[in-house]
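Trainee: Before I ask anything, let me first share the structure, which is written out below as structure tokens.
The values are calculated or read from the model by the stated rules, or taken from the named source; none is laboratory data. Everything numeric in this text was worked out from a predicted model, so none of it was measured. In this analysis, Cβ positions are derived from the backbone assuming ideal geometry, glycine residues included, and neighbour counts consider all displayed protein chains. Surface accessibility is based on the protein's heavy atoms, side chains included, excluding ligands, DNA and RNA. Shrake-Rupley method; radii C 1.70, N 1.55, O 1.52, S 1.80 Å.
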Amino acid sequence: MQSEQKPLLSVRNLKTYFFQDEGTVKAVDGATFDVYPGKTLGIVGESGCGKSVTAQSILRIVDQPGRIVDGEIVLRGADGNDVELTRLHPDSREMRDIRGTEIGLVFQEPMTSFSPVHTVGNQIVEAIRLHCGVNEREARIKAVETLRQVGIPKPERRIDEYAFELSGGLRQRAMIAVALSCNPRLLIADEPTTALDVTTQAQILDLLRQLQEQRGMAIMLITHNLGVIAEMADDVVVMYLGRVVEQGPVDAIFHSPQHPYTRALLRSIPSIESTPRVELPTISGSIPHPYNRPSGCPFYPRCPEFIPGTCDQAEPALRAVSEQQSVSCFLYQSQVSQGQGTKPSEGMA
Amino acid sequence: MIAYIIRRLILAILTIWAITVLSFVIIQLPPGDYVTSYIASMSASGIGVTEAEAQALRIQYGLDQPIYVQYLKWMGMIAQGRFGMAIEWGRPVMDVIGDRLTLTIVISVAAIVFTWALALPIGIYSAVRRYSIGDYIATLIGFIGLAIPGFMLALIVMYVGFKYFNASIGGLFSAEMADAPWNWAKFVDLLKHLPVVAIVLGIGGTAQMIRIMRSNLLDELRKPYVMTARARGLSEARVIMKYPVRVALNPFISTLGYLFPYVVSGSIIVSMVLSLPTVGPLLLKALIAQDLFLAGTIVLMLGVMTVVGTFISDLLLMWIDPRIRFEKQ
Amino acid sequence: MAETTSPNIGPALPASPREMLPQELPTSQAEEQIAVATQWQLMWWRFRKHKLAMVGSVILILFYLVALSVDFLSYADPDASEAQRSLMAPQSIHWTDNGRLSPYVYGLTGKRDPKTFKRVYTIDPEVKIPVRFFAKGFEYKWLGFIPSDIHLIGVEGARADETLFILGTDVQGRDLWSRLMYGTQTSLFIGLASVALSLFLGVVLGGISGYYGGVIDTVIQRVIEILRSIPTIPLWLGLAAALPGSWSVQQVYFAITIIISLLGWTELARVVRGRFLSLRQEDFVMAARLAGCSQMRIIFRHMVPSFLSHIIAAMTLALPAMIISETSLSFLGLGLRPPAISWGVLLQDAQSIQALAISPWLLIPSIPVVVAVLAFNFVGDGLRDAADPYG
């Protein structure tokens, strides 16, 4: 555990709800985790588990009718001062400077992430001019340089092209270039490879790793793909219905998963060692409707280890099960409280 | 890009051709022919026309020949800039139309400028502040604007102007300017009369444009590029104006292709009510009097004017939307 | 992997299947209901949430009820002209007489102003004409076969000159209220007839265009594009002016319907074609084809039911344009001609500012036009939203 190092970003008990006529969707419901400088945090979960909304909450760009109702998001500034992002107005000067210069964002779908009627260069230059206080010409030079860094050939020509003129892989590289143009210390990549074909996926992941080494930036990698997590992440957060169900170092999560949901997820990956012609296990049932969340632990209706009278009554809190790993499940609650007296590890990751 | 222009150009030419056919049908459709109406109008003014004279006229206009020959002859005349005689007026059609066609274009363009100037900001506001009170008011006004036909609005405006402001609304010029030759004072006079006309003519289109802009922008606001623009740290106002509004502008501009015919159509009726010196009242008179060359020419001119307007909007769209510029094929 | 990825990037919200949920139901029960609900039920639930559309529906039902019972609602012959009663202002009904509920109107005496030659009417407080509900009047056949002489309101005076003019009279002294009732009937039904005809053209041509595609599609699409880029009113006027003056009211009525729908079918064809194009790609159509269904069966059993709701919505939105077209044409004197009565024919009397200044009540027929068009738009909007209950 990186206890010697202070986290770059700390999210505590984040709750982002969407208030709609039909009811309230608790998209993120008490997420807690840390991102450390220079490391990659993988956030994994099924569609609709609140991964993307978590990223949007951090950047304070949650769309109406969504709102952060509770929790803290603390960003350690370059000068060592902490900034509490939830206290800033989303459209304030300060918050806008944090977007782009401190935190960059890459989306899943590179085609629609670019404006269809502006050139790629226009959108990079705009970000550079906004944050770096340089003139048009210098910004352009810097933009070409950034495009070159992300491995786009002939960047001085590509810069004047539109997103629809680029191939899928190049588009995603250009997207990364936009996000990195002002040297952010944290890059949030929301499903960065999902829309790409497999070979391109590998190239983009390589690129991200390489850029991380060069720049020493932290990456928050959001994906539903456990393979990507295994390859990229240092630490992993597993989310289910807006809640963190388990977190820990990547090795611990893959080799000794504790939460029944994590275990089920891992079982459902096809592996080269698995017995041929045996049906791949799936998680029974489906994600409950967001308006219709089960009471208690959100996973209990699908959980193979459901304890009647407990799991459907109360919500389990996130507790440490080992020095580095914490789980939110009643299976481990008694063990922890009776055990070595470890205090509830809200601050641990 | 060139393929796009050529395709649009071919369509424009086809449309003009279709309009010539329809105009010709309008000229041909009523029972009797041009000479019959001519004789009727002559004898009404006390001048008798002998059978031989009538026959000579028929041959002169080729009325004794098959219909397609007549069409080709008519087209040939038009190609030479001869549009025939306006019977009622006893003068060549183009003399009678005079600057009425130009004035029709002027009020149509003014109405479209008004429509856009109003619909654009209201549409943007309605989409960005969806479900706000302002949005509901705009939607309501939009619906009402949609429900009041242009001529009815003209009647109401005229009545209100007369009753409560004691002003006679109508016309494009003051009485003393109407027949004056064009000069600066007449131009200023026209500008003074234009706003009311533009509002009456444009309000129905405005309602539609607001709805189109609102729904287009709502679609665009949901797209990921808006969120990435926000994530780049642009201010909210700049995000919206530079990206989704800019993209939503394309379908907005492309509606010019049908907004223009709509406004020209409306101008006919509104001109009747507000007695504007456009081709509208002239067309109506010509149709009622079966002054067919005049009516056919006006329909043809209006059609061609619309096609040119649509073609300009196509070029505008190409200039503004790179996706069309780079379209292959 | 445990899931399928959705291409959604925005907040992980449900697409919107919830929107058509009846709100009053508790969630789990509602979910079950949705699972078994038919397409039409889903649409109805969603439509019901659109308040303006509900209001619009009620108004439209009332309008068509009026159209079906004009004879009952009017109390005078709409064509009975009487120079002595030219341009009378609307009469106000006094509801109580000496504290008793007994509605009456005062009698009017008309004189010609010797200077202006206008007829001036003065109230004669001596003459109280009683107004009665469900009064006896001229005989008629309700819906064409039920004989009756009961009218919603009427006067119970024995003398012929004791009559009522709720909305005043026109130049020829005809009762505007009764004329408005008959005009409503004509205008609403001409709208329906035109839409039906447009629909026929639109479905046939749009369907052919969308189902077969290829060259036929291109040709039909170009024709539509050309028709849409021509200003319609001059064309309408031209066609309408060509109708022989000797034609009977019915012939003109029929011809105007055709003229209006000839130019109005393009929008419906566009909708139908769009639906056909997208449905052609659907798996269930492919499945039907593989199962050996005939083309007719595929079109009418599989494709049409799945876009019927869209067609109905498009029709409702096309109706106001038809009504406005008829009104505009008749207003200009090139549509329906007297003695036919429609909203446009009635408004023709209000054409000049001179007429309006003296008798502003001639503008009253514009109110039902605006209300009907608004109602059709509201209902059409609601239907369009509801047409896609799964979207």
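Trainee: Does the stretch C:131-144 contain at least one residue that is more than 14 Å from chain B (Cβ to nearest Cβ), modelled with pLDDT under 80, closer than 30 Å to C:Pro320 by Cβ and in contact with an Asp or Glu (Cβ under 9 Å, 6 or more places away or on another chain)?
Mentor: Taking every residue of the stretch C:131-144 in turn, at least one turns out to be more than 14 Å from chain B (Cβ to nearest Cβ), modelled with pLDDT under 80, closer than 30 Å to C:Pro320 by Cβ and in contact with an Asp or Glu (Cβ under 9 Å, 6 or more places away or on another chain).
Trainee: Sticking with this one: Quick one: what pairs do we get from the stretch B:290-309, first residue at the interface with chain C (Cβ under 9 Å from one of its Cβ atoms), second in a loop (DSSP other than H, G, I, E, B) and at pLDDT below 85, C-beta under 7 Å, 6+ apart or different chains?
Mentor: Note: pairs meeting the criteria are B:Gln290/B:Pro30; B:Leu302/C:Pro231; B:Gly303/C:Ile230; B:Gly303/C:Pro231; B:Thr306/C:Ser229; B:Thr306/C:Ile230; B:Thr306/C:Pro231; B:Val307/C:Ser229.
Trainee: Collect the residues in the stretch A:85-100 that are open to solvent by less than 40 Å² (accessible area, probe 1.4 Å), at the interface with chain B (Cβ under 7 Å from one of its Cβ atoms) and at negative phi, keeping them in residue-number order.
Mentor: Looking only at the stretch A:85-100, we keep the residues that are open to solvent by less than 40 Å² (accessible area, probe 1.4 Å), and these are A:85-86, A:88, A:92, A:95-96, A:98-100.
Keeping just the survivors that are at the interface with chain B (Cβ under 7 Å from one of its Cβ atoms) gives A:96, A:99-100.
Hits for the stretch A:85-100 are A:Arg96, A:Arg99.
Trainee: Among the residues of the stretch A:115-125, count how many are out of contact with any Phe, Trp or Tyr (no Cβ under 6 Å at 6 or more places or on another chain), at the interface with chain B (Cβ under 8 Å from one of its Cβ atoms) and buried (at least 22 other Cβ atoms within 10 Å of the Cβ).
Mentor: 1
Trainee: Sticking with this one: Does C:Ser359 qualify as being farther than 18 Å from C:Glu267 by Cα and polar (S, T, N, Q)?
Mentor: Yes; evaluated as a whole, the condition is true for this residue.
Trainee: Among helices (runs of 4 or more DSSP H) lying entirely in the stretch C:180-289, which contain 3 or more residues that are open to solvent by 10 Å² or more (accessible area, probe 1.4 Å) and within 30 Å of C:Leu167 (Cβ to Cβ)?
Mentor: Of the helices (runs of 4 or more DSSP H) lying wholly inside the stretch C:180-289, those with at least 3 residues that are open to solvent by 10 Å² or more (accessible area, probe 1.4 Å) and within 30 Å of C:Leu167 (Cβ to Cβ) span C:249-280.
Trainee: Can you give me the number of residues within the stretch A:46-62 that are facing chain C (nearest Cβ under 9 Å) and either in contact with a helix residue (DSSP H, G or I) (Cβ under 7 Å, 6 or more places away or on another chain) or in a helix (DSSP H, G or I) (or both)?
Mentor: Keep residues of the stretch A:46-62 that are facing chain C (nearest Cβ under 9 Å), which gives A:46-53, A:56, A:62.
From what's left, either in contact with a helix residue (DSSP H, G or I) (Cβ under 7 Å, 6 or more places away or on another chain) or in a helix (DSSP H, G or I) (or both): A:51-53, A:56, A:62.
Total satisfying the criteria: 5.
Trainee: Does the stretch B:259-282 contain at least one residue that is within 12 Å of chain A (Cβ to nearest Cβ), open to solvent by 10 Å² or more (accessible area, probe 1.4 Å), of a type outside the set (Phe, Trp, Tyr) and not in a helix (DSSP H, G or I)?
Mentor: No: zero hits.
Trainee: Residue under question is B:Leu72, and the condition is that it be under 19 Å from B:Val299 (Cβ atoms) and open to solvent by 40 Å² or more (accessible area, probe 1.4 Å); does it hold?
Mentor: Yes: the conditions hold for B:Leu72.
Trainee: Quick check: anything in the stretch B:177-192 under 22 Å from the mean Cα position of the chain (by Cα), open to solvent by less than 90 Å² (accessible area, probe 1.4 Å) and within 14 Å of another protein chain (Cβ to nearest Cβ)?
Mentor: Looking through the stretch B:177-192, none of the residues is under 22 Å from the mean Cα position of the chain (by Cα), open to solvent by less than 90 Å² (accessible area, probe 1.4 Å) and within 14 Å of another protein chain (Cβ to nearest Cβ).
Trainee: When you go through (1) open to solvent by less than 20 Å² (accessible area, probe 1.4 Å); (2) outside any strand (DSSP E or B); (3) in contact with a Phe, Trp or Tyr (Cβ under 9 Å, 6 or more places away or on another chain) one by one for C:Ile153, which number turns out not to apply?
Mentor: Going through (1) open to solvent by less than 20 Å² (accessible area, probe 1.4 Å); (2) outside any strand (DSSP E or B); (3) in contact with a Phe, Trp or Tyr (Cβ under 9 Å, 6 or more places away or on another chain) one by one, C:Ile153 breaks only (2).
Trainee: Only one of these conditions is not met by B:Ile212: (1) over 26 Å from B:Ile312 (Cα atoms); (2) assigned to a helix (DSSP H, G or I). Which number is it?
Mentor: Here B:Ile212 clears every test but (1).
Trainee: Which number in (1) facing chain B (nearest Cβ under 10 Å); (2) in contact (Cβ under 8 Å) with a residue 40 or more places away in the chain; (3) open to solvent by 40 Å² or more (accessible area, probe 1.4 Å) marks the one condition that A:Cys132 misses?
Mentor: (1)
Trainee: What are the pairs with Cβ atoms under 9 angstrom where one residue, in the stretch A:102-123, is in contact (Cβ under 8 Å) with a residue 12 or more places away in the chain and among the β-branched types (Val, Ile, Thr) and the other, located anywhere, is open to solvent by 30 Å² or more (accessible area, probe 1.4 Å) and in a loop (DSSP other than H, G, I, E, B)? Sequence gap at least six, or different chains.
Mentor: As it stands, the answer is A:Ile103/A:Arg185; A:Thr119/A:Asp160; A:Thr119/A:Glu161; A:Val120/A:Asp160; A:Val120/A:Glu161, since those pairs meet every condition given.
Trainee: Answer yes if at least one residue in the stretch C:69-89 is among the acidic types (Asp, Glu), surrounded by 10 or more Cβ atoms within 10 Å (Cβ to Cβ) and assigned to a strand (DSSP E or B), and no otherwise.
Mentor: no
Trainee: For the stretch B:310-321: of the residues being more than 11 Å from chain C (Cβ to nearest Cβ) and buried (at least 19 other Cβ atoms within 10 Å of the Cβ), which is farthest from B:Arg8 (Cα to Cα)? First the steps, then the outcome.
Mentor: If we filter the stretch B:310-321 for residues that are more than 11 Å from chain C (Cβ to nearest Cβ), which is where we start, we get B:312, B:315-321.
With the extra rule that they be buried (at least 19 other Cβ atoms within 10 Å of the Cβ), the set shrinks to B:317, B:321.
Values: B:Leu317: 12, B:Asp321: 15 Å.
Result: B:Asp321.
Trainee: Considering only residues that are of a type in the set (Ser, Thr, Tyr) and under 16 Å from A:Ser115 (Cβ atoms), look in the stretch A:158-200 and name the one that is least open to solvent (accessible area, probe 1.4 Å).
Mentor: Among residues in the stretch A:158-200 that are of a type in the set (Ser, Thr, Tyr) and under 16 Å from A:Ser115 (Cβ atoms), the one least open to solvent (accessible area, probe 1.4 Å) is A:Ser181.
Trainee: Which of the residues spanning the stretch A:67-89 are in contact with a Leu (Cβ under 9 Å, 6 or more places away or on another chain) and either touching a residue at least 12 places away in the same chain (Cβ under 8 Å) or farther than 13 Å from A:Val11 by Cα (or both)?
Mentor: If the condition is that a residue be in contact with a Leu (Cβ under 9 Å, 6 or more places away or on another chain) and either touching a residue at least 12 places away in the same chain (Cβ under 8 Å) or farther than 13 Å from A:Val11 by Cα (or both), then A:Ile68, A:Asp70, A:Gly71, A:Glu72, A:Ile73, A:Val74, A:Leu75, A:Arg76, A:Val83, A:Glu84, A:Leu85, A:Thr86 are the ones that fit.
Trainee: Only one residue in C:Arg100, C:Arg132 is basic (Lys, Arg), surrounded by fewer than 10 Cβ atoms within 10 Å (Cβ to Cβ) and without any contact (Cβ under 8 Å) to a residue 60 or more places away in the chain, so which one is that?
Mentor: Step by step, each of C:Arg100, C:Arg132 is checked, and only C:Arg100 is basic (Lys, Arg), surrounded by fewer than 10 Cβ atoms within 10 Å (Cβ to Cβ) and without any contact (Cβ under 8 Å) to a residue 60 or more places away in the chain.
Trainee: May I pose another question? Taking A:Asp29 as the residue in question, decide whether it is open to solvent by less than 30 Å² (accessible area, probe 1.4 Å) and in contact with a Lys or Arg (Cβ under 7 Å, 6 or more places away or on another chain).
Mentor: Criteria met by A:Asp29.
Trainee: Name the residues in the stretch A:210-252 that are outside any strand (DSSP E or B) and farther than 23 Å from A:Ser271 by Cβ, would you?
Mentor: Those that are outside any strand (DSSP E or B) and farther than 23 Å from A:Ser271 by Cβ: A:Gln210, A:Leu211, A:Gln212, A:Glu213, A:Gln214, A:Arg215, A:Gly216, A:Met217, A:Leu241, A:Gly242.
Trainee: What's the number of the condition B:Ile212 fails, among (1) open to solvent by 20 Å² or more (accessible area, probe 1.4 Å); (2) among the β-branched types (Val, Ile, Thr); (3) within 14 Å of chain A (Cβ to nearest Cβ)?
Mentor: (3)
Condition check ((1) at pLDDT 85 or above; (2) of a type in the set (A, V, I, L, M, F, W, C); (3) buried (at least 24 other Cβ atoms within 10 Å of the Cβ); (4) out of contact with any Cys (no Cβ under 8 Å at 6 or more places or on another chain)) across all residues:
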{"position": "B:Tyr225", "(1), (2), (3), (4)": "yes, no, yes, yes"}
{"position": "B:Ser235", "(1), (2), (3), (4)": "yes, no, no, yes"}
{"position": "B:Met241", "(1), (2), (3), (4)": "yes, yes, no, yes"}
{"position": "B:Met301", "(1), (2), (3), (4)": "yes, yes, no, yes"}
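Trainee: Next question. Among the residues of the stretch C:354-374, count how many are within 9 Å of chain B (Cβ to nearest Cβ) and touching a residue at least 40 places away in the same chain (Cβ under 8 Å).
Mentor: Residues meeting the conditions: 5.
Trainee: Which ones in the stretch A:278-309 are open to solvent by 50 Å² or more (accessible area, probe 1.4 Å) and in contact with a helix residue (DSSP H, G or I) (Cβ under 7 Å, 6 or more places away or on another chain)?
Mentor: Once the filter is applied, which keeps residues that are open to solvent by 50 Å² or more (accessible area, probe 1.4 Å) and in contact with a helix residue (DSSP H, G or I) (Cβ under 7 Å, 6 or more places away or on another chain), the stretch A:278-309 yields A:Pro281, A:Ser284, A:Gly285, A:Asn292, A:Pro304, A:Glu305, A:Phe306, A:Ile307.
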